[in-house]
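The values are calculated or read from the model by the stated rules, or taken from the named source; none is laboratory data. Please read all numbers here as calculations on a predicted model, not as lab measurements. Methodologically, a virtual Cβ is constructed for each residue, glycine included, from the backbone with ideal geometry; neighbour enumeration extends over all protein chains shown. Just the protein is used for accessible areas: all its heavy atoms, side chains included, with ligands, DNA and RNA removed. Shrake-Rupley method; radii C 1.70, N 1.55, O 1.52, S 1.80 Å.
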Amino acid sequence: MNVFRDGVIAFFSAVGMTTVVWLLAGAALHAGRPVIPGLLLVLPARGDAPALEHDVRELRRVQGSLPGAKLVIADCGMTEEARGLADYLAVREENAAVVNGADFRLE
C-alpha cells in the first residue's frame, strides 16, 4: 500500500511541477509581444451595414491580440444611420476611425 501511495504522491508532484513550469514559461514568453507599427484592420461597410456592431466587436477581439493595430471602418456607401453608428463605434472603441472608402487606398 505504501508503494501505491508513494506513486500517487510522485504523480501529483510531477503534474504540479509541470504546471508551474508551464505557467512561468507562458508568462515569460508573452511578456514581450512585439508591436507591429502601422497595422490596420480594415472593415469595409456599405448600405445599412446590419452586422456592423458585431463585426466591430469581432475585430476588437482580434485587435486585442495584435498590439498597436488600428481598426478602420471604410465607408463604401453607408446610409446616414449606418454612418452615425460607425462614428459612434469609432468614438467608443480605442484606436478606431471611420474613413471615406473612396479616399482609402493601400499603396
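Listed values, structure above:
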{"quantity": "Selection from the range 62-107 of residues that are assigned to a helix (DSSP H, G or I) and within 17 Å of ILE36 (Cβ to Cβ)", "calculated": "VAL62, GLN63, GLY64"}
{"quantity": "Subset of the range 48-61 [assigned to a helix (DSSP H, G or I) and touching a residue at least 12 places away in the same chain (Cβ under 8 Å)]", "calculated": "LEU52, GLU53, ASP55, VAL56, LEU59, ARG60"}
{"quantity": "Residue satisfying condition, being part of a helix (DSSP H, G or I) and free of Cβ contacts under 8 Å to residues at least 60 places away in the same chain, within set ALA27, ALA45", "calculated": "ALA27"}
{"quantity": "Output for the range 48-86, where each listed residue is more than 13 Å from VAL98 (Cβ to Cβ) and open to solvent by less than 30 Å² (accessible area, probe 1.4 Å)", "calculated": "GLN63, ALA69"}
